[in-house]
Amino acid sequence: MMELHVCKQTTGDLVRKFALGDVSELLIGRDSDCDIRIRSASISREHCIIEQDDSGAMLLRDSESTGGTFVEGKKIDAVRIEDGLEVVIGPAVLKFYDADI
């Protein structure tokens with residue numbers, strides 16, 4: 001099962017962690033209706049979404065956010081979630097780990 005760790009970009013400190021399990025969709029943003037809420041002005045109300053494709057693979061997609069979603073310093077529209085992936089949104093780093101390892 002994949003785990004998501006939300007960390008501070010400046011210090012790397014862990015803020016929260018989530019077990020992704022069998023979710024079909026998880027919304028990340030600053031809006032109170034988001035599944036994972038990050039309270040920062042540089043995070044869009046609905047910043048990005050984690051979803052499964054038809055094959056069962058998990059993807060992270062940018063939701064046309066104002067500040068963008070970045071992997072290795074490059075702005076992305078979507079990325080396949082794999083163990084060790086780090087995604088930067090605003091002041092947060094989303095780190096994905098395969099908890100079964």
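The values are calculated or read from the model by the stated rules, or taken from the named source; none is laboratory data. Worth saying up front: this structure is predicted, and the values here are computed from it rather than measured. Counting neighbours? That spans all protein chains shown, and the Cβs are built from the backbone with ideal geometry, glycine included. Calculation scope for accessible area: heavy atoms of the full protein, side chains included, ligands and nucleic acids excluded. Shrake-Rupley method; radii C 1.70, N 1.55, O 1.52, S 1.80 Å.
Quick notes on this one:
- Positive-end extreme of charge dipole, the stretch 44-95 - chosen from GLY56, ILE81, THR66 (charges on Cβ): THR66
- The chain - charge dipole about Cα centre, Lys and Arg +1 at Cβ, Asp and Glu -1, debye rounded to 20: 640
- Net charge contributed by nearby residues that have their C-beta within less than 14 Å of TYR97 (K/R +1, D/E -1): -3
- Gyration tensor verdict on the chain (Cα atoms; rounded if a/c is under 1.5, prolate if a/b is larger than b/c, oblate otherwise): rounded
- 13 Å beta-carbon shell around SER40, net charge (K/R +1, D/E -1): +4
- Summed over the residues of the stretch 1-100 and divided among them, the accessible surface reaches 59 Å² per residue at a probe radius of 1.4 Å.
- Taken one residue at a time, the phi angles of the stretch 6-22 give Karplus couplings (6.51, -1.76, 1.60, θ = phi - 60°) of 9, 10, 6, 5, 6, 10, x, 5, 6, 9, 8, 9, 9, 8, 7, x, 9 Hz. Gly and Pro are set to x.
- Solvent exposure of LEU14, expressed as accessible area, is near 90 Å², computed with a probe of 1.4 Å over the protein chains only.
- Karplus-derived 3J(HN,Hα) values for the stretch 60-74, using 6.51 cos²θ - 1.76 cosθ + 1.60 with θ = phi - 60°, are 10, 10, 6, 9, 6, 5, 5, x, x, 10, 10, 10, 6, x, 10 Hz; glycine and proline are entered as x.
- Length gained when the stretch HIS5-ASP53 is fully extended (0.36 nm per residue, less Cα-Cα span): 15.1 nm
- Placing +1 on each Lys and Arg Cβ and -1 on each Asp and Glu Cβ, with no other charges, gives the stretch 1-47 a dipole about its Cα centre of roughly 320 debye.
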